[in-house]
1. Please specify each residue of region C:151-182 satisfying the condition of being outside any helix (DSSP H, G or I), at pLDDT 90 or above and closer than 25 Å to residue C:460 by Cα.
2. Taking the options B:176, B:157, name whichever one is among the aliphatic types (A, V, I, L, M), surrounded by fewer than 20 Cβ atoms within 10 Å (Cβ to Cβ), touching a Leu at 6+ places or on another chain (Cβ under 8 Å) and not in a strand (DSSP E or B).
3. Is there any pair linking a residue in region C:162-181 that is more than 15 Å from residue C:489 (Cβ to Cβ) to one that is among the hydrophobic types (A, V, I, L, M, F, W, C) and in a helix (DSSP H, G or I), with Cβ under 7 Å and at least six apart or on different chains, and which?
4. Failed condition for residue C:249, given (1) surrounded by 20 or more Cβ atoms within 10 Å (Cβ to Cβ); (2) in a loop (DSSP other than H, G, I, E, B), with all others met?
5. Among the listed residues B:97, B:47, B:34, identify the single one that is buried (at least 24 other Cβ atoms within 10 Å of the Cβ), hydroxyl-bearing (Ser, Thr, Tyr) and within 13 Å of chain A (Cβ to nearest Cβ).
6. I'd like the residue in region C:417-437 that is part of a loop (DSSP other than H, G, I, E, B) and among the aliphatic types (A, V, I, L, M) and, out of all such residues, is nearest to residue C:335 (Cα to Cα).
7. Please give the helices (runs of 4 or more DSSP H) falling wholly within region C:33-139 in which 1 or more residues are under 23 Å from residue C:11 (Cβ atoms) and either in contact with a Leu (Cβ under 9 Å, 6 or more places away or on another chain) or at the interface with chain B (Cβ under 8 Å from one of its Cβ atoms) (or both).
8. If I filter region A:150-187 down to residues being within 14 Å of another protein chain (Cβ to nearest Cβ) and among the β-branched types (Val, Ile, Thr), which single residue comes out as surrounded by the fewest Cβ atoms within 10 Å (Cβ to Cβ)?
Amino acid sequence: MIKVEPRLESSLAWTIGAFALAILAGFLVSGLLVAASGADVLKAFTALFQGAFGSLKAITASLVKATPLILTGLATVVAFRAQIWNIGQEGQLYAGAMAAYLGSLVLAGMPSAIQIPGIVLFGLAGGVVLGGLAAVLKTRFRVSEIISTVMLNYLVVYLLSYLLAGGPWTEIGETVSYHQSPPIPEAAHLPLLISGSKLHIGFLFAIAAAILCYLLLEKTPLGFEIRARGYNPTALRARGSNVPRTIFLVLAISGAIAALGGVSELFGVGHRLRGDYLFGLGYTGIIIGMIGGLRPGGTVLAGLFFGGLESGALYMKILSGVPSALVPAMEGIVLLFVLIAGVIARFRFVRVTADG
Amino acid sequence: MGELFQETIIVSILAATVRIMTPLLFAAIGELVTQRAGIWNMGVEGTMLMGAFVAYIVVTAADTLAGAILAAMLAGAVMGLVVAFMTVTLRLDHFVTGLGLNLLAGGLTLFWFRSYIAGRPQPTFEGFGNVAIPGLSSIPYLGEILFTQRGLTYLAILAVPLVWYFLYRTKYGLEIRCLGENPKALDVKGVNVARRQYGAVIFGSVMTGLGGGFLMLGFSDRFLSEVTAGRGWLAIVAIIAGNWMPKGVLAAVLVFAFLEALATHVQVIGVEVPHQVFLALPYLASILLMMGLRVRAGQPANLGVPYRRA
Amino acid sequence: MTDLLRVENLTKRFAQVVANDHVTFTVAAGEIHCLFGENGAGKSTLSACIYGYHQPDGGRILYRGKEVRLTSPSDAIRLGIGMVHQHFVLVEEFTVLENIIVGTQESGVRLRDQEARKKIRDLCNAYEIDLNLDAYVWELAVGQQQWVEILKALYLGAELLILDEPTAVLTPQESDRLFRIIRQMCARHLSVILISHKLNEILQSDRVTVLRKGQVVGTMKTAETTPQALTTMMVGREVDLTIHKPERPPGQPVLEVKNVSAVGEWGEPVLEDVSFTVAEHEILGLAGVAGNGQKQLFEALMGLRPLADGEVSLKGERIARLTPREALDRGVGYIPDDRFRDGLVGDFSVAENLVLGWQYSPDYRKGPFLDGKRMRQLANEKIEQFQIATPSAESAAGTLSGGNAQRIILAREFLHANCLILANQPTRGLDVGVIEYVYETLLQKRDEGFAIVLASEELEDLFNLADRIAVFFKGRVMAILDPKATTVEQVGLLMAGHGDAREAART
């Protein structure tokens, strides 16, 4: 007889194995989806991977796509590790982009060396404000952060919609408004890492943020508190921590990281403020962070992988006719299997005899 | 503005309130049962979206409104089954499960939708019309507000006393409430906890799917991926704001619906405020409602805690 | 006597642990049979198997001579087996009636509460149980809640009742009444399995089966054995039950509590006008039935529960705004009753738990980072000093036994505290060996000049350890007594709220 029982100590190899199985299962189910839509599965997946990682150009494009996902993924990691369910990465990313855009208007005309750091700071502040707001609502008014961050997402999107459709940031053509801001002057664009490609220094921001997140979580007293709160909030309070302060810092940091994603997209890719290309980056970041096992390293890997697939999706669409929305569907499916794998990894299978 | 005109607008806003309330009420009253059983299903938004999408596919492909509504409920049941499997059987964190499911639903519907409409103009459909209740519908004002509505709206309103009766006057209701407070008290009596929790989750999700289906077929003529626009989350807020009581949930749902109805009448009212302000009202209201809540006495003590024997 | 229940060679394993190893014993009709053993001896697992809550891995269970397979409590209930859990399994928000009938109605959908009400009334009358069926459980005293539990089992038609540590939460007088009524029930049609590790409970039984490390050591008639013999069988070695406490005159006052009041979650008073002083070299014992304000007092002293009124002074200095941080910084050590909830982070390593609460202290930091090397070094020191049985300093605290988890807390608190130890039920759920260790270390701290506040459900231990005993009832201090001039009965009366015992104690 085979018996399932909980593991006392987690096994790294078993955990990684379970995750690998989950990703495989995710691909199998996604393949079924593609088959059901009547397309050639092998052709579609081949095109998808070629488009993602098939050439140097494809790879740099993938890195560009991965950048905001890594950042919103890291925002998820910092919050979720503390069992703070920030699902406001979407709004915080928008807020980052909007605050940075405001910064670019304030700092317009200054040299790039001053303008760009200033713009980044404005963006970070936007995320801190929105994340901090959720923290204050939680600690002062006992509003669950899940509710507040979701609602704030909608409020921020409506604010942007107002600003760009009739509000002060609207670009007015001869007769119509385009629901977008005027283009950002080149002096404020994020510098490119490889000239001729689209890869900008936002990618380095993402990698630096991942390293800082790792140090924060694993090596600092605040990280110690974040992890302790995630496992046992009652003990953290009884052991003398200032829990409201921890919650504020977590949400502020999380908001700031997500906001950096918005800054990076606006000043590195979009170059004018518009809702469409920012849409969904925050929600996808939640998936990336969770698939990454709520670890900075895993999140970078997950971000690179799915960023790549999102970048390759267009190629797949052209070659096989499968809609590029396959990638978000895949992300959701893989996430589901990864969650299940997380449970399986906590158990072991033992053979037992009938008696004795 | 003429007095007659004002009256017409008020009646129109109130009638719209009742109509807009319908999908929210289905979801909130259904999830109320789920939450009373101790399962905090955060996947309401995704379940609603699935319901709406499946209803759209069936109504445009097979041209049957009844079939589309049934399909939406079935889609809800499937989502509920997944939630129950993950929270009850695997004992995964309820929040993580729900979030995951929302994201999955977003991705899947987007992909299927794109595949469905690939290479052709998006098909549209004709949704539900009003069913005027003979006699009652001719009462001045009230007839238009309450008795000239979609058929399912009457069902949604009826669901409130039915769920109340179920929770407080039947043995299953007592068991469900026990699960939310202390599932072990039921377990030690030899009652199957998991089976009842599955039942409560699936019931809530079927109702949510129904709400999603109605959202599609009662208001619109085509699918948009942002059709639910946070209504699933508003349903959750309504349960909290309603202190986990059927009549409280109804009241909270009415507030949200009224605000949304207001937004649809902005142009008619002619207020000089950006229309986004009105669109944002329900979301702002939900934060304010949560801030104002001082009492949460009705929250099931064991809500959101996976049950395991120890 | 015919055997009502016979358990043969029952074996149950959890992971690598064998909880029950070929256990055999019988319960005769009409008897009170005690399963006696330390925490972790396998009593609870055994009763869970008999109640169908766990399935045994080997052996068999016979009921009325027939082999039965119990795959769920419903199987046990159908046979007439009932259980009263040590930690009551009640729904606080339900009425007594609802608690009894939930999950019991077999046919129909509509609740038939009126029929049930009549049946429960009859049961109450038959055994002179006085309960308001429409009262909410949260309104009831703990002693009354136990009657709800017993009624639940009787309502389901229990003929064999498993009572798990039934007197842990009762005053001595309440336990007497409990056993009087249980005796009446046994005279009619009931048999009882009494699970206990307390000598005064065992003495109420007809026969006793002693369990040690999952195995049966022996079964004997209670009347033919002695407490000392039973204890030796239970522990497996001679145990010296007396505690050697040297006489020490108290020194300067350390903790002064003046007129402290506090309220609970719903604004109800949980502490009312509590005053006492504890000095250096002094142990103040807190006696009282669980839920009479002891836990809330510890929370108030640790700054976890705001004071509604009154003041707290440490070493003569009044603390204006008491927070957990303030308490820890002033050298207060806290040993909470629920160690895995309030004292430890189960998923953290031993090393991390040893600095929990002191993570910002310069002692464990290097620049902005935690000093991992220092933490490991400290952990290895403490693992040796406190004999913490753990695979390594990196093992998660949650994987260790209760006794070893408690040693982590002791190590941490003794390292950082310098004047006062607050210990709430520090021996709950521990083996005799660890209990001895905990008491020894507390007495050692007393010797070093610490003031100690110690709450315990074991009255005898309080009498042995404490220099003075404060008796709690409904959030009030009924009296502060000298254990040498007081009897257990007097304390018991005070625990039940009989204030006149105060007079009795003084004279």
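The values are calculated or read from the model by the stated rules, or taken from the named source; none is laboratory data. All values derive from a computational prediction rather than experimental measurement. Here the Cβ is made from the backbone with ideal geometry for all residues, glycine too, and neighbour counts use every protein chain on show.
1. Within region C:151-182, C:163, C:164 qualify.
2. Of the residues listed, the single one that is among the aliphatic types (A, V, I, L, M), surrounded by fewer than 20 Cβ atoms within 10 Å (Cβ to Cβ), touching a Leu at 6+ places or on another chain (Cβ under 8 Å) and not in a strand (DSSP E or B) is B:157.
3. That search, which allows pairs on different chains as well, returns C:162/C:50; C:166/C:178; C:169/C:142.
4. Residue C:249 satisfies all of (1) surrounded by 20 or more Cβ atoms within 10 Å (Cβ to Cβ); (2) in a loop (DSSP other than H, G, I, E, B) except (1).
5. Step by step, each of B:97, B:47, B:34 is checked, and only B:97 is buried (at least 24 other Cβ atoms within 10 Å of the Cβ), hydroxyl-bearing (Ser, Thr, Tyr) and within 13 Å of chain A (Cβ to nearest Cβ).
6. Here the answer is C:417.
7. C:43-50, C:73-79
8. So the residue we want is A:170.
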